[in-house]
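Comments concern the structure below.
The values are calculated or read from the model by the stated rules, or taken from the named source; none is laboratory data. Here the structure is a predicted model, which means the values were calculated and not measured. Cβ atoms come from the backbone with ideal geometry, glycine included; neighbour counts cover every protein chain shown.
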Amino acid sequence: MNIKKSLIFIMVLMLTMSGCTGSSTAKKTVVEDFFDLIIQGNYYEAEKLLVNDDDFETLGQVNEDIQKKEITKLYFSKFSYEIKKVDKSLLLVEITAIDETKLLEKILDDITLAGFSGNILTGFQDATKDTFKRITDGIKNDSVPIQRKTIVVSLKEVDGNYRIDLDEDFKRGFFEPILKVLDINEMLMR
């Protein structure tokens, strides 16, 4: 009988310890929930799934500006993701999104061409006035290059739940591209 009790104790202990490390399903779910909320435009809800640092301006804050909200909505209409691998507290996620560098190159080329037509000073002023329209039209246009890249998503356990760590890799891989698009609009509108 002691052997039976020992085996039961060991099995209970193993089950308890495996629960402490968290299931890959729970890890995948928090990442899927985050990206699904972002795609739906529920930025403040998505940000609740982040372990945030206070000095980082998040999409919810950025999108209080109506033009930025429209650009972000269009940007994420072309966005998709696929979780490729779950390993401990790291997930590899392949994201497909607008190639922000190519989009910005096209917009700047358009502005430059418009600026050199006619009076250079007023040409550049007029060309930068409709930057918002150039960006939104550029995103709506299906000829805008789409890029795929794999990002590393780190998770932290907070109060028994997993949260996405807003570390430098995640900021650079996920937030930086959309913030570049939003920044060029703001910069050229000055």
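Taken residue by residue, segment 12-23 has at least one member that is surrounded by fewer than 16 Cβ atoms within 10 Å (Cβ to Cβ) and at pLDDT 65 or above.
Annotation: of all residues in segment 58-97 being part of a helix (DSSP H, G or I) and crowded, with 19+ Cβ neighbours inside 10 Å, the one that is modelled with the highest pLDDT is 76. Only a single criterion out of (1) surrounded by 17 or more Cβ atoms within 10 Å (Cβ to Cβ); (2) modelled with pLDDT of 80 or more; (3) touching a Gly at 6+ places or on another chain (Cβ under 9 Å) is not satisfied by residue 150, namely (1).
Quick one: is residue 32 modelled with pLDDT of 85 or more and either outside any helix (DSSP H, G or I) or in contact with a strand residue (DSSP E or B) (Cβ under 8 Å, 6 or more places away or on another chain) (or both)? Even if it seems obvious, please write down each step before you answer.
On the way: modelled with pLDDT of 85 or more: yes; either outside any helix (DSSP H, G or I) or in contact with a strand residue (DSSP E or B) (Cβ under 8 Å, 6 or more places away or on another chain) (or both): yes.
Against the criterion (modelled with pLDDT of 85 or more and either outside any helix (DSSP H, G or I) or in contact with a strand residue (DSSP E or B) (Cβ under 8 Å, 6 or more places away or on another chain) (or both)), residue 32 qualifies.
Could you tell me whether residue 108 is more than 19 Å from the chain's Cα centre (by Cα), at pLDDT below 85 and not polar (S, T, N, Q)? It is true that residue 108 is more than 19 Å from the chain's Cα centre (by Cα), at pLDDT below 85 and not polar (S, T, N, Q). Considering segment 35-57, and only residues there that are assigned to a loop (DSSP other than H, G, I, E, B) and surrounded by 13 or more Cβ atoms within 10 Å (Cβ to Cβ), the residue that is modelled with the highest pLDDT turns out to be 49.
Would you mind stating whether residue 150 is of a type in the set (S, T, N, Q) and part of a strand (DSSP E or B)? So that I can check it myself, show each step before the final result.
Values: of a type in the set (S, T, N, Q): yes; part of a strand (DSSP E or B): yes.
Yes: the conditions hold for residue 150.
Of all the criteria given as (1) over 18 Å from residue 52 (Cβ atoms); (2) of a type outside the set (Phe, Trp, Tyr); (3) modelled with pLDDT of 80 or more, the one not satisfied by residue 185 is (3).
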